[in-house]
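Undergrad: This is the structure I have questions about; it appears just below.
The values are calculated or read from the model by the stated rules, or taken from the named source; none is laboratory data. Computed from a prediction, not measured in an experiment: that's the story for all the values here. Methodologically, a virtual Cβ is constructed for each residue, glycine included, from the backbone with ideal geometry; neighbour enumeration extends over all protein chains shown. Just the protein is used for accessible areas: all its heavy atoms, side chains included, with ligands, DNA and RNA removed. Shrake-Rupley method; radii C 1.70, N 1.55, O 1.52, S 1.80 Å.
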Amino acid sequence: MITAQSGEDLLTALRIAHHEWRPLLALVEEALREVERPEWRDAVPAIAHPDSGPEPLLSRVVITLARRPIERWVRRVIATAAGVAPATPFADAASAERIDRVSFFQAAVAQDVEHLDGIARGVGDTRGILKGLAPLIAMPLLQACRRAWADRMLGAWPHGSCRTCGAWPTLAEIRGLDGARHLRCRCCGGDWATEWLRCPFCGERDHTQLGSLVSADGLEREKIEVCDRCHGYLKTLTTFDPIRPEQVVLHDLATVVLDVAAVERGYRPPRHRSPLAVRIVARRSGLRALLSR
Ligand SMILES: [Zn+2]
Ligand SMILES: [Zn+2]
């Protein structure tokens, strides 16, 4: 089990421990760099529904941004994925060009599985590679939204899915001296406090239906919380300080052994949620827009 805490240390530890993951880690590293680019911060939309209902903040928004950063970022992820895994069905440039990059970006941000499946079918991707890339594609914009909306995150959020982007939590933290339980989202880095005995996926509170699988080291620093009602599971880490939002994705990778253990015991990742009602409007850059008039 990899337990390094700082992001850079964790990335290095993962590279050493999992040589076969280097292509994936290269993509994650690209995404972590991309998160810092100003184009995504500038694209953060106004929140469309000021009420405090169960809808995530990203729901019903229209995000207008230049086509160029979408094209550049999606092209880069596809090229990196194809470069490190030449057997991918879109490894050649002609196939990669058949992927509508704005459409792919829209599907990734909305977490629209049917839309992603359709794009994958169009290029003969039968192994779910594009679907696997979608969270990384969406990550820079979603992280920018979470940062910009930080003041909206202060109140309680009693729901199991992420307040910003609507995704299911990737892991839970038992944090600090008081052991507060926080759910974390790997897409946007979201962080919300939750009850101790409650399944985030189906809301079960009956303690006879909830349990935990403790890791082999017996230290309970990492464990798997399980629900026998919905058969969902949640990786749970004991932390002193909060995991930095951009680093949740690394901690998710570092604990993949827990995913394997949970699935081996008959538990499963949560079902995909309905796609978010979010729309991406890709503007052409000023000069091109002028020339086309
Ligand atoms: Zn989120
Ligand atoms: Zn459940």
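Undergrad: If I fit a long axis through the Cα atoms of helix 101-110 and take the longest principal axis of the Cα atoms of the chain, what angle between them do I get, 0 to 90°, rounded to 10?
TA: That helix lies at roughly 30 degrees to the long axis.
Undergrad: Now, a different point. Can you give the FRET efficiency for Asp228 and Leu177, using 1/(1 + (r/R0)^6), R0 = 35 Å, r = Cβ-Cβ distance, to the nearest 0.05?
TA: Step by step, r from the Cβ atoms, then E = 0.70.
Undergrad: Quick one: net charge of Asp125's neighbours, Cβ under 10 Å, K/R +1, D/E -1?
TA: That sum, taken over residues with Cβ under 10 Å, equals +2.
Undergrad: Which FRET efficiency, nearest 0.05, do Val102 and Ala26 yield, Cβ-Cβ r, R0 35 Å?
TA: E between Val102 and Ala26, to the nearest 0.05, is 0.90.
Undergrad: With the other protein chains left in place, how much accessible area per residue, in square angstrom, belongs to the chain at a 1.4 angstrom probe?
TA: The answer is 49 Å² per residue.
Undergrad: Counting only protein heavy atoms, what percent of the accessible surface of the chain is carbon or sulfur at a 1.4 Å probe?
TA: On the way: 7710 of 14390 Å².
Carbon and sulfur atoms account for 54 percent of the accessible area of the chain.
Undergrad: Per residue of region 120-133, in order, report the coupling 6.51 cos²θ - 1.76 cosθ + 1.60 (Karplus, θ = phi - 60°) as ³J(HN,Hα) in whole Hz, putting x for Gly and Pro.
TA: Along region 120-133, the couplings run 4, 4, x, 10, x, 7, 9, 9, x, 5, 5, 5, x, 7 Hz.
Undergrad: To continue, here is another question. What order do you get for 161-170, 125-134 when each peptide is scored by the mean count of other beta carbon atoms within 10 Å, highest first? Numbers along the way, then the final one.
TA: On the way: 161-170: 24.4, 125-134: 17.7.
Per-residue mean Cβ counts within 10 Å order the peptides as 161-170, 125-134.
Undergrad: Take the alpha carbon atoms of region 153-191, find their center, do the same for region 240-255, and report the distance between the two centers in whole angstrom.
TA: Comparing the Cα centres of region 153-191 and region 240-255, I get a distance of 12 Å.
Undergrad: Ranked from highest to lowest mean number of other Cβ atoms within 10 Å per residue, what is the order of the peptides 254-260, 16-22?
TA: In decreasing order of mean packing, 254-260, 16-22 become 254-260, 16-22.
Undergrad: Whose amide H sits under 5 Å from the amide H of Ile63, counting only residues 5 or more places off or on another chain, with H placed in the peptide plane?
TA: For Ile63, the qualifying residues are Arg279, Ile280, Val281.
Undergrad: Of the peptides 55-62, 261-268, how do they stack up when ordered by the mean number of other Cβ atoms within 10 Å, highest first?
TA: Details: 55-62: 20.0, 261-268: 14.2.
Going by the mean number of other Cβ atoms within 10 Å, highest first, we get 55-62, 261-268.
Undergrad: Same structure again: Which value in Å is the Kirkwood Rh of the chain over different Cα pairs? Spell out each step's value before the answer.
TA: Details: mean 1/r = 0.0499 Å⁻¹.
When all Cα pairs of the chain are included, the Kirkwood radius is 20.0 Å.
Undergrad: Can you classify region 220-260 as rounded, prolate or oblate using the Cα gyration tensor, where a ≥ b ≥ c are the square roots of its eigenvalues, rounded means a/c under 1.5, and otherwise it's prolate if a/b beats b/c and oblate if not?
TA: Note, shape of region 220-260 comes out prolate.
Undergrad: Can you give the percent of C-alpha pairs in region 159-285 whose distance is more than 25 Å? Walk me through the intermediate numbers first.
TA: Values: 1810 of 8001 pairs.
The calculated P(r) of region 159-285 puts 23 percent of pairs beyond 25 Å.
Undergrad: Could you give each residue of region 168-182 its phi-based ³J(HN,Hα) in whole Hz, using Karplus coefficients 6.51, -1.76, 1.60 with θ = phi - 60°, and x for Gly or Pro?
TA: Those phi angles translate into 5, x, 7, 7, 10, 10, 9, 10, x, 5, 8, x, 5, 9, 10 Hz.
Undergrad: Find which of Val278, Leu171, Ala138 sits farthest along the positive direction of the dipole of the chain, computed with +1 on the beta-carbon of Lys and Arg, -1 on that of Asp and Glu, about the Cα centre.
TA: Val278
Undergrad: Continuing with this model, one more query. Which value, in debye to the nearest 20, describes the size of the charge dipole of the chain about its Cα centre when Lys and Arg Cβ atoms bear +1, Asp and Glu Cβ atoms bear -1, and nothing else is charged?
TA: Rounded to the nearest 20 debye, it is 1140 debye.
Undergrad: Let me ask something additional. Any idea what the relative contact order of the chain is, in percent, if you count C-alpha pairs under 8 Å spaced at least 6 apart?
TA: It rounds to 22 percent for the chain.
Undergrad: Helix-only mean residue ellipticity at 222 nm, the chain, DSSP H runs n ≥ 4 weighted -39,500 (n - 2.57), per residue, nearest 500. What is it?
TA: -11500 deg cm²/dmol
Undergrad: In region 243-278, which residues have a backbone nitrogen under 18 Å from the label point lying 7 Å from Arg33's Cα in the Cα-to-Cβ direction?
TA: Counting only backbone N, you get 246-247, 250.
Undergrad: Using +1 at the Cβ of each Lys and Arg and -1 at the Cβ of each Asp and Glu in region 102-206, identify which of Phe105, His159, Thr194 lies farthest towards the dipole's positive end.
TA: Phe105
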